[in-house]
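No lab work stands behind these numbers, since they all come straight from the coordinates. No experiment lies behind these values; they were computed from the predicted model shown. Cβ sites come from the backbone with ideal geometry, for glycine too, and all protein chains shown count toward neighbours.
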Amino acid sequence: MSVIPLQVKSVDPILSVRDLKMHFPVKEGIFMRTGRFNKAVDGVNFDIMPGETLGLVGESGCGKSTLGRCISRLYQPTAGEIRFEGRDIATLKRKELMPFRRDIQMIFQDPMESLNARHTVGQILEEPFQIHRIGDRAYRQQRVKELLDVVGLPARSVTRYPFEFSGGQRQRIGIARAIALNPKLIICDEPVSALDVSIQSQILNLLIDLQTEYKLSYLFIAHDLAVVKHISDRIAIMYLGRIVETGAGESIYRTARHPYTQSLISAIPVPDPHHHSHRQILVGDVPSPINPPSGCSFHTRCPKVMEVCRQTSPVLSQDQQPVACHLYE
């Protein structure tokens, strides 16, 4: 089992994921029997240090959001370990998870779907305190006002409903809800992908400021490497349920090793009309996680495919910039 090496050895990771798998049963036939599995997450390993942001990048359908939902325990993983501050939370029951719910929060991609349309903003932000039985009504109302101020929304927002806000403002409400209980780890599931470019930078800067103020750790999930570069300390590239390369942000951009990473980086727009980029366009479609190819899962689209790629699945190397590719064995 390969694990992403840590850059800092003197501090224990706040989150350690080991050989995590999430296989969804596929029911087929007249009797709806389970014959195959959708291997959305298929053996993932990584660590996140306190105060660190790990960016997780990949195409749609590669398993990024499923991984985030497993870590937050919205999904029960099929196998593997999720160690938060040293304790494995992968198999904990609902009541046992309650203390960890305060420390692990999530920001969703579409705030309109994740916010209750029938509740006011005040009710939405007060709900976490009610669930965990924190403070009286006066305390909760005061905390709601403080949270709105932190994310840059006026106090009068407490009486308004989510549909009365813009997309960027709704995401600020989602962020306020995520930080309400002073968590230690926040999973950001493509929090800016549905927003205009001008609003994206505001939300990213807000997340960076909150990380400094509250000493937060982030798992930042996105499909845009340019966005991830702005906020991440390290970047992990995910393809068809597995991590294929990881490293420091600048290192990934300067010296990408895996052909898939190189293709993603070549697709980043350059704001220079005189710059002629050499776009590496991948051929074919992403294979189905229900019936993944043998050997390296990327070999059906890789421009540098070798015979060994079709036979043997590569493991993540243990060097300074780990990569799962036979080219570097």
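Take the Cα radius of gyration of the chain and divide it by 2.2 N^0.38 Å, with N its residue count; two decimals is plenty.
Cα Rg divided by the expected 2.2 N^0.38 Å: 1.05.
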222 nm mean residue ellipticity, helices alone, for the chain (DSSP H n ≥ 4; -39,500 (n - 2.57); rounded to 500): -9000 deg cm²/dmol
Selected from Leu216, Cys70, Asn205, residue furthest toward positive end of dipole (the chain; charges at beta carbon): Cys70
For Asp233, Asp209, order by how many other beta-carbon atoms lie within 10 Å, fewest first: Asp209, Asp233
Least to most buried among Arg279, Arg301 (fewest other Cβ within 10 Å first): Arg279, Arg301
Val41, Val270 arranged by Cβ crowding within 10 Å, fewest neighbours leading: Val270, Val41
Lone cysteines, the chain (no partner Cβ under 4.7 Å): Cys62, Cys70, Cys188, Cys302, Cys325
Degrees separating the helix 121-131 axis from the principal Cα axis of the chain, which is the longest one: 80
Debye, to nearest 20: dipole size of the chain, +1 on Lys, Arg Cβ, -1 on Asp, Glu Cβ: 940
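Which whole-number percentage describes the relative contact order of the chain, with Cα contacts under 8 Å and a sequence gap of 6 or more?
In percent, rounded to a whole number, it is 21.
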Between helix 94-103 and the chain: long-axis angle, C-alpha atoms, 0 to 90°, nearest 10: 80
Subset of Lys64/Lys304; Lys27/Lys229; Lys39/Lys215 violating a 30 Å alpha-carbon distance limit: Lys27/Lys229; Lys39/Lys215
Among Lys215, Lys64, Lys27, residue whose mean-square fluctuation peaks in a GNM of the chain (springs only between Cα atoms under 10 Å): Lys27
Using alpha-carbon coordinates, inclination of helix 167-179 to the longest axis of the chain, degrees: 80
